[in-house]
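The values are calculated or read from the model by the stated rules, or taken from the named source; none is laboratory data. This structure is a prediction, so every number in the text was calculated from the model and none was measured. Cβ placement follows ideal geometry from the backbone for every residue including glycine, while neighbour counts extend to all protein chains displayed.
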Amino acid sequence: MDRGPFTALVTGASPVTDSETNAESGECTPNLAGEAVVIYDAEGKRKLASGVESSIGEVLPSSYGDFEGWCFSATRIEGLPGGEGTYKVQVGGGNLVTVEEDHLRQSVDQQRKAMRKTKLPPDDAPALELPSDQ
């Protein structure tokens with residue numbers, strides 16, 4: 001395993017909630033734009049690298065299933081030490097999430113394509129609108 005520093009890619013998707021979404025260009029503003037992205041060691045104790053969540057994302061098309069219409073973004077984190085195997089990633093002060101090193105080394109295209117196979121947990125799925133009784 002390569003122990004040299006590398007540029008990690010942290011990707012994610014969030015529901016589009018901004019009025020700045022440009023439907024023609026497919027651009028959107030990620031919900032956590034400008035927030036800190038911090039990568040820690042596997043135990044989540046030692047900060048290894050950090051960056052800032054991207055301010056520009058892309059609206060995902062219908063081929064992304066559960067994520068259709070969501071804002072996909074990618075943040076590059078320079079100088080992350082390699083060889084840890086797994087890392088803890090935190091965006092915007094939220095929960096620490098365990099991420100494999102191989103995933104952080106994947107290209108933006110590889111990570112975006114993987115979202116096509118990902119299903120939203122029931123708690124995150126958009127609520128269905130039920131017809132009103134009239």
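Whenever a residue of segment 87-113 is on the phi > 0 side of the Ramachandran plot, its partners that are modelled with pLDDT under 90 and of a type in the set (A, V, I, L, M, F, W, C), lying with C-beta atoms within less than 8 angstrom and at least six residues away or across chains, give the pairs GLY92/LEU32.
Among the residues of segment 56-85, just one is of a type in the set (Gly, Ala, Ser), assigned to a helix (DSSP H, G or I) and surrounded by 12 or more Cβ atoms within 10 Å (Cβ to Cβ), namely GLY65.
Every residue in segment 86-108 that is part of a helix (DSSP H, G or I) and over 12 Å from TYR40 (Cα atoms), please.
The answer is ASP102, HIS103, LEU104, ARG105, VAL108.
Within segment 34-47, residues that are within 13 Å of THR98 (Cβ to Cβ) and without any contact (Cβ under 8 Å) to a residue 60 or more places away in the chain reach partners that are of a type in the set (S, T, N, Q) and surrounded by fewer than 14 Cβ atoms within 10 Å (Cβ to Cβ) with beta carbons closer than 8 Å, at six or more positions or on different chains, in the pairs ALA42/THR98. Going by the structure shown, is GLU53 among the acidic types (Asp, Glu), closer than 19 Å to VAL99 by Cβ and crowded, with 20+ Cβ neighbours inside 10 Å? Yes: the conditions hold for GLU53.
Go through segment 95-109 and report how many residues are touching an Asp or Glu at 6+ places or on another chain (Cβ under 9 Å) and not basic (Lys, Arg).
Of the residues in that region, 1 qualify.
The single residue among LYS88, LYS117 that is under 30 Å from PRO5 (Cα atoms) and either modelled with pLDDT of 95 or more or buried (at least 16 other Cβ atoms within 10 Å of the Cβ) (or both) turns out to be LYS88.
Residues in segment 19-28: is at least one crowded, with 18+ Cβ neighbours inside 10 Å and either without any contact (Cβ under 8 Å) to a residue 60 or more places away in the chain or under 14 Å from the mean Cα position of the chain (by Cα) (or both)? Among the residues of segment 19-28, at least one is crowded, with 18+ Cβ neighbours inside 10 Å and either without any contact (Cβ under 8 Å) to a residue 60 or more places away in the chain or under 14 Å from the mean Cα position of the chain (by Cα) (or both), which makes the answer yes.
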